[in-house]
Structures are given as structure tokens and as C-alpha cells.
1. Out of A:69, A:162, A:130, any idea which swings most in a Gaussian network model of chain A, alpha carbons joined below 10 Å?
2. As a footprinting exposure proxy, order A:66, A:146, A:169 by other Cβ within 10 Å, with the fewest listed first.
3. So what's the angle, to the nearest 10 degrees on a 0 to 90 scale, between helix A:148-174 and the longest Cα principal axis of chain A?
4. Counting partner chain Cβ atoms within 10 Å of every residue's Cβ in A:11-20, what's the average?
5. Going by C-beta contacts inside 10 Å, put A:165, A:84 in order with the fewest on the left.
6. Identify which of A:59, A:97, A:153 has the largest mean-square fluctuation in a Gaussian network model of chain A, with springs joining Cα atoms closer than 10 Å.
7. Is the shape of the stretch A:146-215 rounded, prolate or oblate, going by the alpha carbon gyration tensor and its root eigenvalues a ≥ b ≥ c, with a/c under 1.5 for rounded and a/b larger than b/c for prolate?
8. Per DSSP H run of n ≥ 4, the term is -39500 (n - 2.57); total these for chain A, divide by its residue number, and report the mean residue ellipticity at 222 nm rounded to 500 deg cm²/dmol.
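Where a number appears in this text, it was derived from the coordinates with a stated rule and is not lab data. For clarity, every value in this text was computed on a predicted model and none was experimentally measured. When we count neighbours, we look across all protein chains shown, and the Cβ atoms used for this are built from the backbone with ideal geometry, even at glycine.
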């Protein structure tokens with residue numbers, strides 16, 4: 001564990017806490033993409049199957065359980081909470097799952113380091129995570145008034161991936177034989193997906209304006 | 001921990 005990895009994990013955790021607090025405090029999920037949250041649920045379930053087979057550390061296990069529980073809580077609120085579910089932008093959140101899930105599944109079957117169920121699902125989760133934010137970004141673009149917390153949520157999520165890249169560089173330089181090309185390339189793609197958002201987020205912050213993304 | 005071994009991240 002190095003400082004970049006820890007900072008990345010904490011940023012990831014913070015992004016989810018921001019989203020949970022926002023929804024709980026405002027009783028609203030306006031501007032939040034249920035599709036992205038459900039894709040993250042698929043990502044976490046497929047990746048953390050090793051909770052049953054492989055113990056890495058208490059930190060690792062606890063964080064995995066927190067990510068799973070918090071994501072399923074968000075989905076539950078958006079689908080079933082009496083007040084919150086009414087505020088969901090169903091008509092705007094139209095991204096099709098299959099455009100992301102199917103290509104990632106095919107890619108994971110072809111490009112993996114071992115053709116076993118566990119390994120293919122793990123690789124699938126790596127590919128899917130890289131693009132899971134897309135429905136959220138599309139929804140943000142369609143939302144005229146992006147509230148601060150939704151903007152912060154996406155910004156923190158993007159920062160988490162950028163910090164992971166620093167973590168990989170650090171590990172590559174300090175650990176012998178540490179390399180994981182599929183994870184690195186997916187992580188870089190995932191970070192690039194955010195660059196456009198980062199640009200407008202920082203611009204609106206510097207100009208003290210409300211965040212809005214050009215159509 | 002090359003390739004498949006590197007599953008210690010979140």
C-alpha cells in the first residue's frame with residue numbers, strides 16, 4: 001500500500017459518501033444516473049467474487065464490502081425509496097446498457113490473462129469500470145443545472161482513477177515484476193473519459209460559475 | 001505478482 005493507492009481509495013470512498021449524503025439530505029437523486037450505478041454494481045459483484053476465495057487483507061475485505069453495500073443502497077433508494085425514486089430523471093437517463101456490457105464481455109473473453117470464469121469476470125469488471133461513467137456523463141450533459149454535489153461526485157470519481165495511475169507508476173518503480181497491462185490500459189482509458197468533464201469543472205470553479213456542460 | 005497475481009487492488 002502506498003500513499004497514491006490510499007489516496008485513490010479514499011477519494012473513491014468519498015465520492016460515494018458524497019452521493020449518499022446528497023441523496024439522503026435532499027431526498028432527491030436528480031442528475032444521478034441509475035444506469036451508471038447499476039453498472040458499478042455489476043463491476044463490484046464481478047470483481048469482488050474473490051471475497052469468497054481469496055483473503056488479501058482486512059482493509060481490502062472491508063473496502064470491498066463498503067463499495068458493494070453503498071452502491072446497492074444507492075440503487076435501492078433510486079428504485080424504491082418513496083420520495084427519492086420520484087425525482088429520478090428516467091426519460092433523460094437513456095443510455096443502453098448493452099452498448100457497454102456486450103463489448104466489454106466479448107473483450108474480456110478474448111483479452112485476459114487466464115480463461116477461467118473468475119478471471120474472465122474479473123477482467124470484464126476492469127473493462128466495464130472504464131466506461132461505466134458514460135451514462136452519468138451523458139445525463140449531466142442533458143441536465144441544465146448541475147448541482148454542486150453531483151459535479152463533485154463525478155470529479156472525485158475521476159480523481160480516484162488519476163491517483164490510481166500514480167499508484168501504478170509507483171508500484172512499477174518499487175516492486176520487481178509488477179506489471180498488469182490490461183488494468184493499466186483500461187485505467188488510462190477510464191481517466192481519459194473524464195478529461196472533458198475536468199476541463200469544464202475546473203473552468204466553472206475558477207470563474208465561480210455554476211457547472212454546465214456544452215451539448 | 002505479474003499478470004493474474006495482481007488482484008490486490010480495489
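1. Per the Cα network of chain A with a 10 Å cutoff, A:69 tops the list.
2. The order, fewest Cβ neighbours first, is A:169, A:66, A:146.
3. 20
4. Partner-chain Cβ atoms within 10 Å, mean over residues of A:11-20: 0.
5. Working: A:165 16, A:84 21.
By the 10 Å Cβ count, ascending: A:165, A:84.
6. Among A:59, A:97, A:153, the largest mean-square fluctuation in the Gaussian network model of chain A belongs to A:59.
7. Prolate.
8. Per the formula, -24000 deg cm²/dmol.
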